[in-house]
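Reading through the structure tokens given below for one structure.
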Amino acid sequence: MKNLKQRLKQGETLNGCWLNLGSSLTAEIVGQAGFDWVLIDLEHGAGSESDVLGQLQALEHTGAGAIVRVESAEGQRIHRVLDMGAEGVMCPKISNPEEAQKVVNGLHYPPYGNRGVAKMVRATGFAQNFTQYYEEARETILGVVQIETVEVLNHLDAVAAIDGVDVLFIGPADLSMELGIFGQFDHPRFKEALQETVNAAQKAGKSTGILFFNPNDYQTYHDLGIRLIACGADATFVADGARNLAQKLSGFRAAYK
């Protein structure tokens, strides 16, 4: 594992991006690019649960730690990706402490949760390292809940206080949509929600994260105290690269007629 949880606890800023193509090849390319972490997206990404294993294997020997966003807080979804070797799990649209606790229950073995015990899985080296994995899991598995609803803004302190919730991760698109100000990330209400989330996390000794779309916004979010930072995605990198090159070639063609 890449020690994401401990590095955040120490106050380090971790840079990451999304993987939404479901491809082990783009996972490997992105993993070698210099990111601290990547997010394999099962909520909106093109891949399915069956594609996660190949991406985790591709990331194994890169410097990027792997977090998987599952579709829901159902225990089976969380257990599956952890058994495959994910270092952390992100759950979308957590609206109250009860839902956040359900996430934590899925992340951890008893007595801290209800994760099922399976030794013959990739995360434990197929039983070779089970004891070590079991003893260290609570201190290494990163629990990330997404702040994306109006309801959760009324429960931020309670959610952040839950042992096992390590990161409050702001989903700007969904949160701004729910606030009725879609895409208006400079709107006072959106900024207020950001500050409230950061305050709750800091009060509980936890971290805050965000996905943003313009790398020039980095300082704005870093200065707020956000330390799990994501910008871009493998699909974006491919699309932007393809468009940019096609436009250049079209320009050359027009110039050399």
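Please treat every number below as a calculation from the coordinates, not as lab data. Note that this is a predicted model, so its numbers are computed, not measured. Cβ coordinates were reconstructed from backbone atoms using ideal geometry, including for glycine residues, and neighbour counts include every protein chain displayed.
So what are the three principal axis dimensions of segment 80-212 from its Cα atoms, in whole Å, longest to shortest?
Dimensions of segment 80-212 along the principal axes of its Cα atoms: 53, 24, 20 Å.
List the pairs from Lys102/Lys206; Lys5/Lys206; Lys93/Lys191; Lys9/Lys203 whose alpha-carbon separation is above 22 Å, in the order I gave them. Spell out each step's value before the answer.
Values: Lys102/Lys206 18 Å; Lys5/Lys206 10 Å; Lys93/Lys191 19 Å; Lys9/Lys203 13 Å.
Beyond 22 Å: nothing from the list.
Between Asn216 and Val238, what is the FRET efficiency for a Förster distance of 22 Å, r being their Cβ-Cβ separation, to the nearest 0.05?
Efficiency at R0 = 22 Å is approximately 0.55.
On full extension of the chain, what length is gained from Glu71 through Asn199, given 0.36 nm per residue of separation minus the C-alpha to C-alpha distance?
On the way: separation 128, 0.36 × 128 = 46.08 nm, distance 2.70 nm.
Here the answer is 43.4 nm.
With no solvent and one equal point scatterer placed on each C-alpha of the chain, evaluate the Debye formula and give log10 I(q)/I(0) for q = 0.07, 0.08, 0.10, 0.14 Å⁻¹, two decimals.
At q = 0.07, 0.08, 0.10, 0.14 Å⁻¹ the computed log10 ratios are -0.25, -0.32, -0.49, -0.92.
At Asn154 and Asn96, where each label point lies 7 Å from the Cα along Cα→Cβ, what is the point-to-point distance in nanometres?
0.9
What is segment 4-255's relative contact order, in percent, from Cα pairs under 8 angstrom and six or more apart in sequence?
Worked out over segment 4-255, it gives 19 percent.
How long is the gain from Ala254 to Tyr112 if the chain were fully straight, where each residue apart is worth 0.36 nm and the alpha carbon distance is subtracted? Mind showing how you got there, number by number?
Working: separation 142, 0.36 × 142 = 51.12 nm, distance 6.50 nm.
Using 0.36 nm per residue and subtracting the Cα-Cα distance, I get 44.6 nm.
Can you compute the helix-only [θ] at 222 nm over the chain? Use -39500 (n - 2.57) per DSSP H run of at least 4 residues, normalise by all residues, nearest 500 deg cm²/dmol.
-13000 deg cm²/dmol
Test of understanding: what is the full-extension gain from Thr13 to Glu135, defined as 0.36 nm times their sequence separation minus their Cα-Cα distance?
Gain in length upon complete extension: 41.3 nm.
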